[in-house]
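Undergrad: This is the structure I want to talk about, given as structure tokens.
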Amino acid sequence: MVKFFSQTHKYDEAWATVTLAFFLRYPNPYASHVLACDVISRTVTDSGTLKTTRLIKKTGAVPSWFPKQFLNRPETWVVEESEVDPEGRVMSCRTRNLDHVKVMQVQEDVVLREADDE
């Protein structure tokens, strides 16, 4: 079974503010489901973009429909790979789970770009 979901939203804040908020979301005291968040690598490319890889440990309730015998713990490791292009005003990020992948694979893709004000 494969499920896709797509959503578009326009924020009423500057691109730099929204991008900063995205990076500051973990860790924070209000995200108690995030147990750990570490930067694995951060580099500036030759083209001037900032590439960051973070390792995140999360916990949470397994969906009620999910067979309980497949998971022995409700925690998962997630890798987040992002690239920020300050010149083009685009931030892209891919987040995916590293464990439990034989049972369930989750991937989230986020693109934040400055809106064309027409």
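The values are calculated or read from the model by the stated rules, or taken from the named source; none is laboratory data. As the structure is a computational prediction, the values presented were derived from the model and not from experiment. Using ideal geometry, Cβ is built from the backbone for each residue, glycine included, and neighbour counts are taken over all protein chains shown. These area figures cover heavy atoms from the full protein model, side chains too; ligands, DNA and RNA do not enter into them. Shrake-Rupley method; radii C 1.70, N 1.55, O 1.52, S 1.80 Å.
Undergrad: So how many residues does the stretch 68-84 have that are open to solvent by 50 Å² or more (accessible area, probe 1.4 Å) and farther than 20 Å from LEU35 by Cα?
TA: Looking only at the stretch 68-84, we keep the residues that are open to solvent by 50 Å² or more (accessible area, probe 1.4 Å), and these are 68-70, 72-75, 77, 81, 83.
Subset that is farther than 20 Å from LEU35 by Cα: 68-70, 83.
Summing the residues that are open to solvent by 50 Å² or more (accessible area, probe 1.4 Å) and farther than 20 Å from LEU35 by Cα in the stretch 68-84 gives 4.
Undergrad: Oh, and also: Could you run through the stretch 6-47 and say how many residues are in contact with a strand residue (DSSP E or B) (Cβ under 9 Å, 6 or more places away or on another chain), closer than 20 Å to LEU112 by Cα and either part of a helix (DSSP H, G or I) or open to solvent by 100 Å² or more (accessible area, probe 1.4 Å) (or both)?
TA: Result for the stretch 6-47: 8.
Undergrad: Is it the case, given these coordinates, that THR59 is open to solvent by less than 40 Å² (accessible area, probe 1.4 Å), within 18 Å of VAL106 (Cα to Cα), in contact with a strand residue (DSSP E or B) (Cβ under 7 Å, 6 or more places away or on another chain) and modelled with pLDDT under 95? First the steps, then the outcome.
TA: On the way: open to solvent by less than 40 Å² (accessible area, probe 1.4 Å): no; within 18 Å of VAL106 (Cα to Cα): yes; in contact with a strand residue (DSSP E or B) (Cβ under 7 Å, 6 or more places away or on another chain): yes; modelled with pLDDT under 95: yes.
Spelling it out, it is not the case that THR59 is open to solvent by less than 40 Å² (accessible area, probe 1.4 Å), within 18 Å of VAL106 (Cα to Cα), in contact with a strand residue (DSSP E or B) (Cβ under 7 Å, 6 or more places away or on another chain) and modelled with pLDDT under 95.
Undergrad: Given the conditions (1) open to solvent by less than 60 Å² (accessible area, probe 1.4 Å); (2) outside any loop (DSSP other than H, G, I, E, B), which single one is not true for ASP109?
TA: (1)
Undergrad: Right, here's the next one. Is it fair to say ILE40 is modelled with pLDDT of 95 or more, more than 18 Å from VAL90 (Cβ to Cβ) and out of contact with any Leu (no Cβ under 6 Å at 6 or more places or on another chain)? Even if it seems obvious, please write down each step before you answer.
TA: Working: modelled with pLDDT of 95 or more: yes; more than 18 Å from VAL90 (Cβ to Cβ): yes; out of contact with any Leu (no Cβ under 6 Å at 6 or more places or on another chain): no.
In short, no.
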